[in-house]
Amino acid sequence: MDTQEILADRLNAEPVIFRGCSASELGVIVALAAAVWLPLSLLLAWLGGAVTMGFGIAGIGIVATVLGIASLFQRLKRNRPDGYYQQRCALWLDDKGLKRSPFINRSGTWDIGRRGHVTLPLRHR
């Protein structure tokens with residue numbers, strides 16, 4: 001019996017892991033959520049007198065943040081091509097003047113800058 005192994009060697013994009021997010025996107029979401037929730041929850045728990053409760057609060061906050069942001073990405077990516085939200089984010093940052101976008105964001109007619117008729121030299125006719 002001939003069996004073939006199916007390997008994911010020829011993927012065009014990262015596979016979706018959870019709610020429309022790839023593994024690298026989930027890693028960034030978790031890292032940012034932890035960077036926000038850990039100091040905030042530890043500070044609040046320290047002020048309340050139970051520092052170890054801060055880790056529990058941070059864990060709940062991180063899970064809730066990952067679920068919320070992943071759901072947002074799922075809606076944003078639905079029926080869109082790969083890389084859509086990265087381009088949309090770059091254009092939004094360009095509109096706000098925070099970062100220049102590498103994409104052309106212009107509507108209207110294009111012109112090559114020539115006016116009138118140009119005569120060709122005799123050798124090119």
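Quick one: would you say ALA64 is loosely packed, with under 13 Cβ neighbours inside 10 Å, aliphatic (A, V, I, L, M) and part of a loop (DSSP other than H, G, I, E, B)? Talk me through it step by step, then tell me what you get.
Working: loosely packed, with under 13 Cβ neighbours inside 10 Å: yes; aliphatic (A, V, I, L, M): yes; part of a loop (DSSP other than H, G, I, E, B): no.
Here the answer is no, as ALA64 does not meet what is asked.
So which of LEU67, LEU72, LEU42 is modelled with pLDDT of 85 or more, hydrophobic (A, V, I, L, M, F, W, C) and closer than 25 Å to SER101 by Cβ?
Being modelled with pLDDT of 85 or more, hydrophobic (A, V, I, L, M, F, W, C) and closer than 25 Å to SER101 by Cβ holds for just one of LEU67, LEU72, LEU42, which is LEU72.
Can you name every residue in the stretch 40-61 that is outside any loop (DSSP other than H, G, I, E, B), aliphatic (A, V, I, L, M) and free of Cβ contacts under 8 Å to residues at least 24 places away in the same chain?
Of all residues in the stretch 40-61, those outside any loop (DSSP other than H, G, I, E, B) come to 40-48, 53-61.
Next cut, aliphatic (A, V, I, L, M) only: 40, 42-45, 47, 53, 57-58, 60.
Matches in the stretch 40-61: LEU40, LEU42, LEU43, LEU44, ALA45, LEU47, MET53, ILE57, ILE60.
Give the residues of the stretch 76-120 that are at pLDDT below 80 and basic (Lys, Arg), sorted by residue number.
ARG106, ARG114, ARG115
Given the condition within 23 Å of the chain's Cα centre (by Cα), over 24 Å from PHE18 (Cβ atoms) and in a loop (DSSP other than H, G, I, E, B), answer yes or no: does some residue in the stretch 77-97 qualify?
Within the stretch 77-97 (the criterion being within 23 Å of the chain's Cα centre (by Cα), over 24 Å from PHE18 (Cβ atoms) and in a loop (DSSP other than H, G, I, E, B)), the answer is yes, since at least one residue qualifies.
The values are calculated or read from the model by the stated rules, or taken from the named source; none is laboratory data. Source: prediction; values computed, not measured. Cβ coordinates were reconstructed from backbone atoms using ideal geometry, including for glycine residues, and neighbour counts include every protein chain displayed.
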